[in-house]
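J.: Questions regarding the structure given below will be posed in turn.
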Amino acid sequence: MKLASGFVLIFALAGCAAEPMTASSPAAPALPPAAAFPPPPPPPAIAEPPPSALAGYDASSVAGELAWETKLRALPSADRMRENMRRLSAHPHHVGSPYDKDNAEWILARFREAGLDAHIEEFQVLFPTPKKRVLEMVAPVRFTARLEEPEVKGDPTSGQKSEQLPPYNAYSVDGDVTGPLVFVGYGLPRDYEELDRLNVSVKGAIVLARYGESWRGVKPKTAAEHGAVGCILYSDPRDDGYFDEDGYPAGPMRSPWSVQRGSVADQASTATGDPLTPGVGSVPGAPRLSLADAKAITRIPVLPISYGDAQPLLAQIGGPMAPKKSRGGLPVPYRTGPGPARVHLVVQSSWDQKTLYDVIGRLPGTTAADEWILRGNHHDAWVNGAGDPVSGQVALLEEVRALGELTKQGWHPRRTIVFAAWDGEEPGLLGSTEWGETHGDDLRRHAAVYVNTDGNGRGVLHAGGSHSLERVVNAVERDVPDPEAPMSVFRRKQLSAIAHADTPEDRAELRDRADVRLSPLGGGSDYVVFLEHLGVASVNLGFGGEDPEGVYHSVYDDFAWYTRWSDGDFRFGRALAGTAGTLVMRLADAAVLPLDFAGLADAVTKYQKGLEKELKKKQDEMTERNRELDDGVFRATYDPHRSTVAPPREAVPPFLNFAPLENAAAALKESARRADKAMALVASRSADPKLAPLVASVNRSLVESERRLTSDAGQLGRPWYRHMLYAPGVYAGYESRPIPGVAEGIEQKHYAEAEAEVVRAAAALRAETALLDAMNAEIEGALRAPP
């Protein structure tokens, strides 16, 4: 379920929960009166660690680790990836289909061939499939939408009609509605503000919205909040069609009858996973909500269509011209309505329980087997899914095979590596969420890092994740050659970011800063349950940017399209396997988990300043708007031929007290500086068997570190999302809202709530700081340098 933009477990039950950590140095003895002695000298500083080529490793183990990683990157085979993709995408394999189960069993066999202790774990989930779909224009002319994707000559899987799910939006409520049609641009809150200016209402209407700019589920949510009775989504050629290149099969882009399927469940406001079991795994005996109580299901019926079906509808809409930024690339005037176009929409689904098949494999660790590195990619698709997700799944399979080969040569990971091929990602991250909720207690005790991939293409590596992983991800990128350019993956990413930077300050940072920042994670793929619900440090990787994604979630995302228009020689597939595989090895083998808290502290400071800047921007905008209302600017610029309404007067946003967040960020920065130095010293001496208890204790703290950034109470109004730094935006969908409680409060003009969330976010940072301070005290007590 990656955003179309152009952007695991047989588990050990023997591990113990991490014990509370306390400083190991003894209490200071009582001193004579101060006048009897001069002031004591400050305690000796902790010794400087000797330089190491790899964070988390002692110098003697670096050469061996790098040699094993080099062997790993040489093993993935482009030919195997090609044939594995051909096999996995040979038939539609949506949730509940026969080939979905067949693929799971085939992947299980590959895991076992590589030497993993593997099994399939099943879950029963709600997965509606379409039973009736009708869209017809009943006035001023009659038109019946095609609602079908035709077979393409030379593309053998595009015609597998009996196996395909037809175009629909999963978790749309059933409905039979008729009403005037209103074009709402991208269907986001800002579009409705523009419609208000044009005096256009959607109450009692059916809205027509373009895909893009946000996650699809936001569009029916927003439409219902404004009184609409139905929602139609379509892909405009300006976004992913002939506006860029020819449509498929002449080119890679969306053709006139191609449709984007997808879930419209309101998960950003509720929870990912099965809508009937929020917060608990879908296992026998688990409590289930009734369908009527499932908050994630839409309030109005929703249906996706092609731009071939959308064009006749748009041509019959009257009313004022839509704002320029809302208009697309079809040869029709883009008017808002309402009417005279009037449409009849019917959506009915079979609301059945389906079986998920998560494939889980385990490569046991040696000296730190109770610490887990998780690695996952989903295997289900809306149809054949060669790009999304099979291109990522074949990379994971080659990583598994390569690590299996290395174990035959004598390599064994320090930590346990758990691989997962998730099911049910497309409808709503079902397989990963249900598995994560079911095994939540074990994961909180043992899971150190989760590494995720999804679909993969050609271009630059995109990396997002927990900021404590920034340094190790950048270090791995420096060691992986780019498959196209004569440079490392890191260097190409850095230079590409410079080319696309918006400001001189951004370009300067990219040139001067040691590492390229990780993007904060929001929604959209299987990392969500691990990072945002369970507090497991996570990273998401994938190449892209050079290949347009014009067949996203259509029948044409198949082997024929992918091998012609995307990574046909699988050089980027090998690069993804090499990058993700190297990262997994480095995390699994390090004596001390190579986390970086200076990067975390730096990111928090940047986000805090960004929030202050956003509030100031809104204050300035509202001050200016109100002044223009007082001055009569809108009366003076009124055009009677283009009737508009003046914007409403609103109170200027109040100043918020960001001091708790600023103070907490400053304290974290100082503790992080000491922690990174102390961790490097422990790693440098980790070969000393006498320090094994200290190494183990430090790693327990590091495993716990991401959990400290969560709150049991969760985000305000959506308690399933527990991380206080990362969450998807309620109206942004996949896009992250760093420090989400504050960001969402400012965006939605709930300023008192935003100020309260400042305090809650600061409390999470203080909890992280307290953990680092305790770890620092323990290390300094054990390794204090002589005076």
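J.: Taking the Cα centre of each part, how many Å lie between region 739-785 and region 213-239?
T.: 36
J.: Starting from the Kirkwood radius over alpha-carbon pairs of region 365-463, derive D by Stokes-Einstein at 25 °C in a medium of 0.890 mPa s and give it in µm² s⁻¹.
T.: Estimated diffusion coefficient is 167 µm²/s.
J.: In region 572-681, which trypsin sites (Lys or Arg not before Pro) fall in coil by DSSP and have 12 or fewer other Cβ atoms within 10 Å?
T.: 642, 649
J.: Could you tell me how far the Cα centroid of region 484-512 sits from the Cα centroid of region 669-730, in Å?
T.: Using only Cα atoms to place each centre, the spacing works out to 29 Å.
J.: Largest first and in whole Å, what are the equivalent-ellipsoid semi-axes of the chain based on the Cα gyration tensor, each being the root of 5 times an eigenvalue?
T.: Rounded to whole Å, the semi-axes are 46, 33, 23.
J.: Show that you can apply the helix-only estimate: for the chain, add -39,500 (n - 2.57) for every DSSP H stretch of four or more residues, divide by all residues, and state [θ] at 222 nm to the nearest 500.
T.: Using -39500 (n - 2.57) per qualifying helix, the result is -11500 deg cm²/dmol.
J.: Moving to a separate point now. Taking the Cα of residue 348, stepping 7 Å toward and past its beta carbon, and measuring to each backbone N in region 117-144: which are under 14 Å?
T.: 129-135
J.: For residue 133, what accessible surface area do you get with a 1.4 Å probe? Give it in Å², rounded to 10.
T.: Using a 1.4 Å probe on the heavy atoms, I get roughly 60 Å².
J.: Further question on the same structure: Quick check: Cα centre of region 548-585 to Cα centre of region 94-137, how many Å?
T.: 20
J.: On to the next question. Restricting the count to DSSP beta bridges whose residues both fall in region 89-243, what percent are antiparallel, rounded to a multiple of 5?
T.: Close to 20 percent.
J.: Hey, another quick one. For residue 71, list the lysines whose Cα falls under 21 Å from its own Cα; do not include residues on the same chain fewer than 8 positions away.
T.: 408
J.: Lysines near residue 325 by alpha-carbon distance under 19 Å, same-chain residues fewer than 8 away left out - which ones?
T.: In chain and number order, the partners are 219.
J.: Taking all protein chains together and a probe of 1.4 Å, list 355, 178, 222 from the most accessible to the least accessible.
T.: Solvent-accessible surface, decreasing: 178, 355, 222.
J.: Out of all DSSP beta bridges with both ends in the chain, state the antiparallel percent to the nearest 5.
T.: 60
J.: Got the relative contact order for region 293-388 handy, in percent, Cα pairs under 8 Å and 6 or more residues apart?
T.: 21
J.: Please list, ordered by chain and number, the residues whose modelled amide H lies under 5 Å from the amide H of residue 236; skip anything fewer than 5 residues away on the same chain.
T.: 211
J.: So which GluC sites (Glu not before Pro) in region 528-598 are both in a DSSP loop and have at most 15 other Cβ atoms within 10 Å of their Cβ?
T.: When the GluC sites (Glu not before Pro) of region 528-598 are filtered for loop state and at most 15 Cβ neighbours within 10 Å, 546 remain.
J.: Just to confirm a number: summing +1 for Lys and Arg and -1 for Asp and Glu over residues other than residue 167 whose beta-carbon lies under 11 angstrom from that of residue 167, what do you get?
T.: 0
J.: If the cut-off is a Cα-Cα distance under 17 Å, which lysines reach residue 616, setting aside same-chain residues fewer than 8 apart in sequence?
T.: Partners found: 606, 749.
J.: Let me ask something else about it. Test of understanding: express the Cα radius of gyration of region 412-471 as a ratio to 2.2 N^0.38 Å, with N the residue count.
T.: 1.34
J.: Okay, moving on. Find which of 85, 726, 647 sits farthest along the positive direction of the dipole of the chain, computed with +1 on the beta-carbon of Lys and Arg, -1 on that of Asp and Glu, about the Cα centre.
T.: 647
J.: What ³J(HN,Hα) values, in whole Hz, does the Karplus curve 6.51 cos²θ - 1.76 cosθ + 1.60 give for region 383-393 when θ = phi - 60°, with x put for Gly and Pro?
T.: These are the phi-based 3J(HN,Hα) values: 9, 7, x, 5, x, 10, x, 4, 4, x, 5 Hz.
The values are calculated or read from the model by the stated rules, or taken from the named source; none is laboratory data. What you see is a predicted model; the values in this text were computed from it and never measured. Glycine also receives a Cβ, built like all others from the backbone with ideal geometry; neighbour counts cover every protein chain displayed. Side chains included, ligands, DNA and RNA excluded: accessible areas come from the protein's heavy atoms. Shrake-Rupley method; radii C 1.70, N 1.55, O 1.52, S 1.80 Å.
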